[in-house]
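Student: Here's a structure for you.
The values are calculated or read from the model by the stated rules, or taken from the named source; none is laboratory data. All values reported here derive from a predicted model rather than from experimental measurement. Don't worry about glycine lacking a Cβ; one is built from the backbone with ideal geometry, like all the others, and counts go over all protein chains shown.
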């Protein structure tokens, strides 16, 4: 999602609610299972589909936890691990929550391997442009509790709907809805945004 899209989702919550309401949950467990079977059979194009389908979720989970400049490498590590261990997956219909767990574990491993770093913004002076505002919002999101952080980044940065977040992460729809609502409320408060 573009930086201006992130800002619009923060400042125009009614539009975001309308988008969430108009996106019904898509049940596709059979499609995922078939895709996993194709990957396990050695179909390279199936793994490309697998990557395209799940990479936004993995990227969002990692982005919620580690410094931005480390995200792409860790996303690749997650998919390498998934590729190597996909044939060990017991329930092929549960591939999305499984890869979400791998992503969370990789983020934890990152901090075990590396000392945490403090990231400086690209432009230390705030000139009000969309990139600085988006970076400020992302930094503020990263200060929120983990449950809110992950769902907000998947929604605002990766552009996933609430039902898509629930389907791919294995969270209950109600939990995603509550996390998004409470997370947006906390985010607006931290950013000093009054919503009437």
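Student: Is at least one residue of the range 86-95 more than 11 Å from the chain's Cα centre (by Cα), surrounded by fewer than 15 Cβ atoms within 10 Å (Cβ to Cβ) and in a loop (DSSP other than H, G, I, E, B)?
Tutor: Yes, there is a match, as at least one residue in the range 86-95 is more than 11 Å from the chain's Cα centre (by Cα), surrounded by fewer than 15 Cβ atoms within 10 Å (Cβ to Cβ) and in a loop (DSSP other than H, G, I, E, B).
Student: Please find, among 154, 180, 171, the residue that is part of a loop (DSSP other than H, G, I, E, B), modelled with pLDDT of 85 or more and within 15 Å of the chain's Cα centre (by Cα).
Tutor: 171
Student: Shifting gears a bit: Does any residue of the range 2-12 turn out to be farther than 27 Å from residue 149 by Cβ and either at pLDDT 80 or above or part of a loop (DSSP other than H, G, I, E, B) (or both)?
Tutor: Looking through the range 2-12, none of the residues is farther than 27 Å from residue 149 by Cβ and either at pLDDT 80 or above or part of a loop (DSSP other than H, G, I, E, B) (or both).
Each row is one residue, and each column tells you yes or no for (1) surrounded by fewer than 17 Cβ atoms within 10 Å (Cβ to Cβ); (2) at pLDDT 90 or above; (3) in contact with a helix residue (DSSP H, G or I) (Cβ under 7 Å, 6 or more places away or on another chain); (4) under 22 Å from residue 180 (Cα atoms).
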| site | (1), (2), (3), (4) |
| --- | --- |
| 16 | no, no, yes, yes |
| 32 | no, no, yes, no |
| 43 | yes, yes, no, no |
| 78 | no, yes, yes, no |
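Student: Continuing with this model, one more query. With the requirement that a residue be without any contact (Cβ under 8 Å) to a residue 24 or more places away in the chain and surrounded by 15 or more Cβ atoms within 10 Å (Cβ to Cβ), what does the range 54-74 give you?
Tutor: If the condition is that a residue be without any contact (Cβ under 8 Å) to a residue 24 or more places away in the chain and surrounded by 15 or more Cβ atoms within 10 Å (Cβ to Cβ), then 71 is the only one that fits.
Student: For the range 183-196, give me the residue count where each residue is free of Cβ contacts under 8 Å to residues at least 60 places away in the same chain, in a helix (DSSP H, G or I) and either touching a helix residue (DSSP H, G or I) at 6+ places or on another chain (Cβ under 7 Å) or more than 19 Å from residue 142 (Cβ to Cβ) (or both).
Tutor: Count: 3.
Student: If you don't mind, another one. Take the range 65-76 and flag every residue that is in contact with a helix residue (DSSP H, G or I) (Cβ under 8 Å, 6 or more places away or on another chain) and more than 24 Å from residue 143 (Cα to Cα).
Tutor: Passing the criteria: none in range.
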